[in-house]
Amino acid sequence: MTSSVPQLPICPAGGVTPTYINQLVAALQRAFYATSSPSGAGTYQVSGVTPNRTFNASTASTAEVAQTLGTLLQDLQAGQVIGG
């Protein structure tokens, strides 16, 4: 199977918007479902994450979204959905 790096949307200069979050989630879903199995998904190394499972899409900073994404990746690794 050929692995490719997903093309993720660039965060708008004005900050995180609901549209950006929707685009990011859709791109991550496409990348995730493009793999045939968790073992084919590769590994993700996440560091410096403070668990965060909520944010306001209208006011969230890039750092807050990154913390939430890091928490999601760690949760998926803990459930053995993705490699870690």
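The values are calculated or read from the model by the stated rules, or taken from the named source; none is laboratory data. Computed from a predicted model, the values in this text were never measured in an experiment. Backbone-built Cβ (ideal geometry, glycine too); neighbour counts: all protein chains shown.
General remarks:
- Selected residue (criterion: farthest from the chain's Cα centre (by Cα)) from residues of the range 18-32 that are exposed (fewer than 15 other Cβ atoms within 10 Å of the Cβ) and of a type in the set (Val, Ile, Thr): 19
- Tabulated pairs, the range 9-30, first closer than 17 Å to residue 61 by Cβ and in contact (Cβ under 8 Å) with a residue 24 or more places away in the chain, second assigned to a helix (DSSP H, G or I) and among the hydroxyl-bearing types (Ser, Thr, Tyr), C-beta under 8 angstrom, 6+ apart or interchain: 11/20; 11/62; 15/62; 16/62
- Test: residue in the range 64-81 that is assigned to a helix (DSSP H, G or I), of a type in the set (Gly, Ala, Ser), out of contact with any strand residue (DSSP E or B) (no Cβ under 6 Å at 6 or more places or on another chain) and at pLDDT below 85: yes
- Selection count, the range 56-71, where residues are surrounded by fewer than 16 Cβ atoms within 10 Å (Cβ to Cβ) and in contact with a helix residue (DSSP H, G or I) (Cβ under 9 Å, 6 or more places away or on another chain): 3
- Candidates in the range 40-63 are the residues that are hydrophobic (A, V, I, L, M, F, W, C) and not in a helix (DSSP H, G or I); of these, the one that is modelled with the lowest pLDDT is 46.
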